[in-house]
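So the structure is just underneath, and the comments pick up after that.
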């Protein structure tokens, strides 16, 4: 099979390229591509627990823990006692992180827009719908493996 006919290869290649472009765009803001999904989640709903972030961002516990430690070190988040779970801590965005939302999301949107500009509007909609279907199917496959 040619790699250009492999969905897995192509999706991985697109993701790596996007991460490179995102890193170039976000690095002047002091944000890494690994931090971006967590920021997106907290910009939508601040004060989540680490467990909540693992579930929502669909990342491994260790990955989230390491990324949160770097974000705390970089002054992007603070952790406080969780209001309803004594074993957990709530993760809150700092003013510094909140101030980055508009610029950071604009950078990511511009990358998306430029990358997808080779497709018609209908193709873009279909492409996003198809990727969401694949993501949903792979979640099912991963649950079945457990």
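Assorted remarks:
- Among the listed values (i) 50, 40, 25; (ii) 41, 34, 28; (iii) 54, 39, 28, the one computed from these coordinates for Cα extents along the principal axes in Å is (i).
- Region 3-145: relative contact order as a whole-number percent, Cα under 8 Å and 6+ apart: 20
- Estimated from helices alone, the mean residue ellipticity of the chain at 222 nm is -22000 deg cm²/dmol (sum of -39500 (n - 2.57) over DSSP H runs with n ≥ 4, per residue).
- Exposure proxy ranking for 87, 70, 16, based on other Cβ atoms within 10 angstrom of each Cβ and starting from the fewest, stands as 87, 16, 70.
- Within the listed set 36, 18, 127, the residue fluctuating most in the Gaussian network model of the chain (springs between alpha-carbon atoms under 10 angstrom) is 127.
- Counted residue by residue at 0.36 nm each, then reduced by the alpha carbon distance between them, the extension gain from residue 3 to residue 103 reaches 32.5 nm.
- For the chain, the longest principal axis of the C-alpha atoms and the axis of helix 61-73 are separated by about 60°.
Readers should treat all values here as calculations from the given coordinates under stated rules, not as data from a laboratory. Keep in mind that what you see is a predicted model, and the values were worked out from it rather than measured. Glycine gets a Cβ as well: all are built from the backbone with ideal geometry, and neighbour counts include every protein chain shown.
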